[in-house]
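Heads up: the structure comes next, in C-alpha cells.
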C-alpha cells in the first residue's frame, strides 16, 4: 500500500469513528398510514443488505401495495406463524423462529400491533421487539403517532375514531434513532384517491372521515412536535456530555411584562399555555419584580417557578435515559 493509500485509509477510519452507529433500535415514525414508513424501512434494509449485513424480514405488512411488495423482493423472510382464531386464519410474526435464526437486523413492521391470542407469549408486538433487542438482534420498525399512549386520547378527540392499539411512550423514546417520514395532507389525500393507501372501495369513506384535511394537519403537527421534543432532548444531552456552557439559541423564549392591568390573567394564562405547548419555561416578571405566571398557576404568591408540561428543559430529568431502566 502506498503512503497516499495509507493516509486515505486512516482518514476514512477517523471519519467513521466520529459518526455514531445506527443503534440497535430504530423507528420510522409517521403521522398516519400511507406516508411511507414501511417503504422507508425496507429501503434502509435494502441498503444494509447490499452492504453485506445479515438482515431478514421478521414481519412486514404490505396491505396489497404494489410498490411495497416489490421492495420486499430479495430479502430473506422468516416464515410466519399461522393461527386459527374464531373461525378465521391469521398470520403473525413467529418470534421464536426469528430468535432461532438470530440475524444481525430484523425488519418488524407495525410496532403497535396487537398479536392474535394464542400466536405467542406476548400480547403486543412491541413486547416481541424488546425481546429481540434483548437477545442481541437489532430491530428497525414503524409506528404512527396516534398509537403513542400519551397522544392516543387527543387523537381520538380530534378524529372521533377510537385508537385501540397503543404503545407506551417509554418504548418509543428508548429508540436509538427516530426517523420522521413526513408527507403533506394534500399529497396523502392524492395518494389515497389514487388507491395507493387503501383499496379503492374504502377510499370515499376514508377521505371524508379519518383522512379529512384538518385531521391530517393535526396529526402531522403532533408528529412534528414529538420529534422536535426528542431532538431537543438529544441536543441537551449532547451539550451536557461535552460540557458546553454556551447557550445555543435554538428555541424561543417567552417573556411577558405585566403592568397589573385587567388583562393580566388572560395574558399570563396564554403565555404559560404557549410555553407549555413548546416545552419551554414561561416566566413573566411584573413591573416591580414579582413573577406572576408561576403564582397564577400555583394559586399562591410564592417563589417563581417554570411553567410547562413534564419534560421542560428547566430542571428536567431526561426521560430517555430514565425510561430505559424502567421496563
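Table: residues versus (1) farther than 24 Å from residue 151 by Cα; (2) in a helix (DSSP H, G or I); (3) at pLDDT below 95.
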position	(1), (2), (3)
197	no, no, yes
220	no, yes, no
227	no, yes, yes
233	no, yes, yes
239	yes, yes, yes
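Identify, please: which residue in the stretch 2-55 is modelled with pLDDT under 60 and part of a loop (DSSP other than H, G, I, E, B) and is, among those, nearest to residue 214 (Cα to Cα)? Within the stretch 2-55, the match that is nearest to residue 214 (Cα to Cα) is 22. Residues of the stretch 82-114 that are farther than 24 Å from residue 49 by Cα and either in contact with a helix residue (DSSP H, G or I) (Cβ under 6 Å, 6 or more places away or on another chain) or assigned to a helix (DSSP H, G or I) (or both): 112, 113. Considering the stretch 115-140, and only residues there that are touching a helix residue (DSSP H, G or I) at 6+ places or on another chain (Cβ under 6 Å) and assigned to a strand (DSSP E or B), the residue that is farthest from residue 60 (Cα to Cα) turns out to be 139. Can residue 186 be described as exposed (fewer than 15 other Cβ atoms within 10 Å of the Cβ) and modelled with pLDDT of 95 or more? For residue 186, the condition - exposed (fewer than 15 other Cβ atoms within 10 Å of the Cβ) and modelled with pLDDT of 95 or more - is met. On the stretch given as the stretch 56-77, residues that are surrounded by fewer than 16 Cβ atoms within 10 Å (Cβ to Cβ) and assigned to a strand (DSSP E or B) total 2. Has the stretch 150-162 got at least one residue that is farther than 14 Å from residue 32 by Cβ and in contact with a strand residue (DSSP E or B) (Cβ under 7 Å, 6 or more places away or on another chain)? Checked the stretch 150-162: no residue is farther than 14 Å from residue 32 by Cβ and in contact with a strand residue (DSSP E or B) (Cβ under 7 Å, 6 or more places away or on another chain). Taken over the stretch 131-151, the criterion of being farther than 30 Å from residue 54 by Cα and surrounded by fewer than 19 Cβ atoms within 10 Å (Cβ to Cβ) is satisfied by 149, 150. Taking the stretch 168-183 as the range and being closer than 13 Å to residue 30 by Cβ and either in contact with a helix residue (DSSP H, G or I) (Cβ under 8 Å, 6 or more places away or on another chain) or not in a helix (DSSP H, G or I) (or both) as the test, the residues that pass are 178, 179, 180, 181, 182, 183.
The values are calculated or read from the model by the stated rules, or taken from the named source; none is laboratory data. Bear in mind that the values here come from a model prediction, so they are computed numbers and not experimental data. We place every Cβ from the backbone using ideal geometry, glycine too, and count neighbours over all the protein chains shown.
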